[in-house]
Amino acid sequence: MSSLTQVGETGLKEAFDRDGYVILKSFLSSNVIEGVKDELDVLVDRQAERLTAAGRITDTFHRAPFETRIARLFEHCMDLAPTSFRPELHGPRLFDLFFHPCLLDVAELLLGPEIRLYPNYTARPKFPEWKGTLVLWHQDGGYTAQAAEGVETLRMLNVWAPLVPATEENGCMQFVPGTHKLGVVPHEKREYYLEIAREELDLRLGQAVSIEVDPGDVVLFHNLMFHCGLPNRTRTVRWSMDWRYQDATQPTMRPQKGHLARSGNEPQNVVRNRKDWAERKFQ
């Protein structure tokens, strides 16, 4: 678990290939993190307006802290609570996160020079003690395996960043190092998510490690890594961002095409700045 400056390019790639993940400590500035939180505050404001218009709440809790406001809004109407935000993530300051130049340098190191922001960039509020945001053990590749049948493996880099400290108590992720080398294993459908088949999990759960990280840290992991999110046993919301970079020479295997982050083949289509990002749509 090392930052790019600590291990260098060769060390980072070796660690990623060996373990299936790397943690870049203190990688993002406080300005980037606060910018993301400001954009999410706008989305929470919209949720408050929606609940007020529906007559479900009378208090918008506009003075409540970022870590608790959305939970207070939905405390008595969890039937309407969002599990994530995705198409809404085109606030201008989110450009600073998704297209962070140093992070794109790392993506280029691992994926090559043609880089796409894959079309499932997501903000996740993990509510206290709610199964709707409890993420079971899975591989991201388990979701794309059927769609991608008959084509080469999608070359992806998963990226995860906390907006509040992520701990075992509030539902940090867990990984089983090295499981990215197994290929796609069988998954079973559950109420909200897929879950890795029990016979595959039982062999390896004793090797699981908790990924406790702070705002500013960035977690990079392979899309075949066994991972889950622990339950949130606190009274606050564990907010996080996750997104993926893909080798842009490959198809997305989705209706959406994503957004080019770096490209020598199509430089005219690369997202250029905050204004450009804010004018685009989820696609």
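The values are calculated or read from the model by the stated rules, or taken from the named source; none is laboratory data. Everything quoted here is computed from the prediction, not taken from an experiment. Glycine gets a Cβ as well: all are built from the backbone with ideal geometry, and neighbour counts include every protein chain shown. Only protein heavy atoms, including side chains, enter the accessible area calculation; ligands, DNA and RNA are left aside. Shrake-Rupley method; radii C 1.70, N 1.55, O 1.52, S 1.80 Å.
Filter region 231-252 down to the residues that are in a loop (DSSP other than H, G, I, E, B) and either modelled with pLDDT under 95 or touching a Leu at 6+ places or on another chain (Cβ under 7 Å) (or both) and list them by number.
Of region 231-252, the ones in a loop (DSSP other than H, G, I, E, B) are 231-237, 248-252.
Scanning region 231-252 gives P231, A248, Q250, P251, T252.
For region 88-102, name all the residues that are farther than 15 Å from L220 by Cα and either of a type in the set (V, I, T) or open to solvent by 50 Å² or more (accessible area, probe 1.4 Å) (or both).
E88, P92, R93, P101
Hey, any hits in region 32-53 for a residue that's of a type in the set (A, V, I, L, M, F, W, C) and open to solvent by 70 Å² or more (accessible area, probe 1.4 Å)?
Of all residues in region 32-53, those of a type in the set (A, V, I, L, M, F, W, C) come to 32-33, 36, 40, 42-44, 48, 51, 53.
Still in the running and open to solvent by 70 Å² or more (accessible area, probe 1.4 Å): 53.
Looking through region 32-53, at least one residue is of a type in the set (A, V, I, L, M, F, W, C) and open to solvent by 70 Å² or more (accessible area, probe 1.4 Å).
Of all residues in region 161-184, how many are under 23 Å from L110 (Cβ atoms), open to solvent by 10 Å² or more (accessible area, probe 1.4 Å) and touching a strand residue (DSSP E or B) at 6+ places or on another chain (Cβ under 7 Å)?
Of the residues in region 161-184, 3 are under 23 Å from L110 (Cβ atoms), open to solvent by 10 Å² or more (accessible area, probe 1.4 Å) and touching a strand residue (DSSP E or B) at 6+ places or on another chain (Cβ under 7 Å).
For region 185-194, how many residues are assigned to a strand (DSSP E or B) and either buried (at least 18 other Cβ atoms within 10 Å of the Cβ) or at pLDDT below 90 (or both)?
The initial filter retains those residues of region 185-194 that are assigned to a strand (DSSP E or B), namely 187-189, 194.
Keeping just the survivors that are either buried (at least 18 other Cβ atoms within 10 Å of the Cβ) or at pLDDT below 90 (or both) gives 187, 189, 194.
Of the residues in that region, 3 qualify.
Being surrounded by 13 or more Cβ atoms within 10 Å (Cβ to Cβ), in contact (Cβ under 8 Å) with a residue 40 or more places away in the chain and either in contact with a Cys (Cβ under 6 Å, 6 or more places away or on another chain) or on the phi < 0 side of the Ramachandran plot (or both): is that true of Q283 here? Please lay out each step first, then the result.
Values: surrounded by 13 or more Cβ atoms within 10 Å (Cβ to Cβ): no; in contact (Cβ under 8 Å) with a residue 40 or more places away in the chain: yes; either in contact with a Cys (Cβ under 6 Å, 6 or more places away or on another chain) or on the phi < 0 side of the Ramachandran plot (or both): yes.
In short, no.
Scan region 145-165 and tell me whether some residue there is closer than 25 Å to D214 by Cβ, part of a loop (DSSP other than H, G, I, E, B) and either of a type in the set (A, V, I, L, M) or modelled with pLDDT under 95 (or both).
Checking region 145-165: at least one residue is closer than 25 Å to D214 by Cβ, part of a loop (DSSP other than H, G, I, E, B) and either of a type in the set (A, V, I, L, M) or modelled with pLDDT under 95 (or both).
Determine if region 10-24 includes at least one residue that is touching a residue at least 60 places away in the same chain (Cβ under 8 Å), part of a helix (DSSP H, G or I) and open to solvent by 70 Å² or more (accessible area, probe 1.4 Å). Please lay out each step first, then the result.
Within region 10-24, the first condition is being touching a residue at least 60 places away in the same chain (Cβ under 8 Å), and the residues that meet it are 12-13, 16, 18-24.
With the extra rule that they be part of a helix (DSSP H, G or I), the set shrinks to 12-13, 16, 18-19.
Cutting the leftovers down to open to solvent by 70 Å² or more (accessible area, probe 1.4 Å) gives us 13, 18.
Yes: one or more hits.
I'm trying to understand the selection: among the residues of region 240-272, which are touching a residue at least 60 places away in the same chain (Cβ under 8 Å), open to solvent by 50 Å² or more (accessible area, probe 1.4 Å) and not basic (K, R)?
Looking only at region 240-272, we keep the residues that are touching a residue at least 60 places away in the same chain (Cβ under 8 Å), and these are 240-254, 256-265, 271.
From what's left, open to solvent by 50 Å² or more (accessible area, probe 1.4 Å): 249, 251, 253-254, 256-257, 262, 264-265.
Hits for region 240-272 are T249, P251, M253, Q256, G264, N265.
So is E34 of a type outside the set (V, I, T), out of contact with any Phe, Trp or Tyr (no Cβ under 8 Å at 6 or more places or on another chain) and at pLDDT below 95 or not?
Values: of a type outside the set (V, I, T): yes; out of contact with any Phe, Trp or Tyr (no Cβ under 8 Å at 6 or more places or on another chain): yes; at pLDDT below 95: no.
Considered against the rule, which asks whether it is of a type outside the set (V, I, T), out of contact with any Phe, Trp or Tyr (no Cβ under 8 Å at 6 or more places or on another chain) and at pLDDT below 95, E34 comes out as no.
Can L220 be described as crowded, with 17+ Cβ neighbours inside 10 Å and assigned to a loop (DSSP other than H, G, I, E, B)?
Taking the combined requirement at face value, the residue does not satisfy it.
Is it the case that region 191-206 has a residue that's in contact (Cβ under 8 Å) with a residue 40 or more places away in the chain and within 30 Å of S30 (Cα to Cα)?
Checked region 191-206: no residue is in contact (Cβ under 8 Å) with a residue 40 or more places away in the chain and within 30 Å of S30 (Cα to Cα).
Return the total of residues in region 253-283 being closer than 16 Å to R155 by Cα and assigned to a strand (DSSP E or B).
Residues flagged as closer than 16 Å to R155 by Cα and assigned to a strand (DSSP E or B) within region 253-283 amount to 4.
Quick test of your reading of the structure: V237 fulfils all but one of (1) touching a residue at least 60 places away in the same chain (Cβ under 8 Å); (2) open to solvent by 50 Å² or more (accessible area, probe 1.4 Å). Name the failing condition by number.
(2)
In a loop (DSSP other than H, G, I, E, B), of a type in the set (A, V, I, L, M) and more than 20 Å from D96 (Cα to Cα): is that true of L201 in this structure?
On the way: in a loop (DSSP other than H, G, I, E, B): no; of a type in the set (A, V, I, L, M): yes; more than 20 Å from D96 (Cα to Cα): yes.
No.
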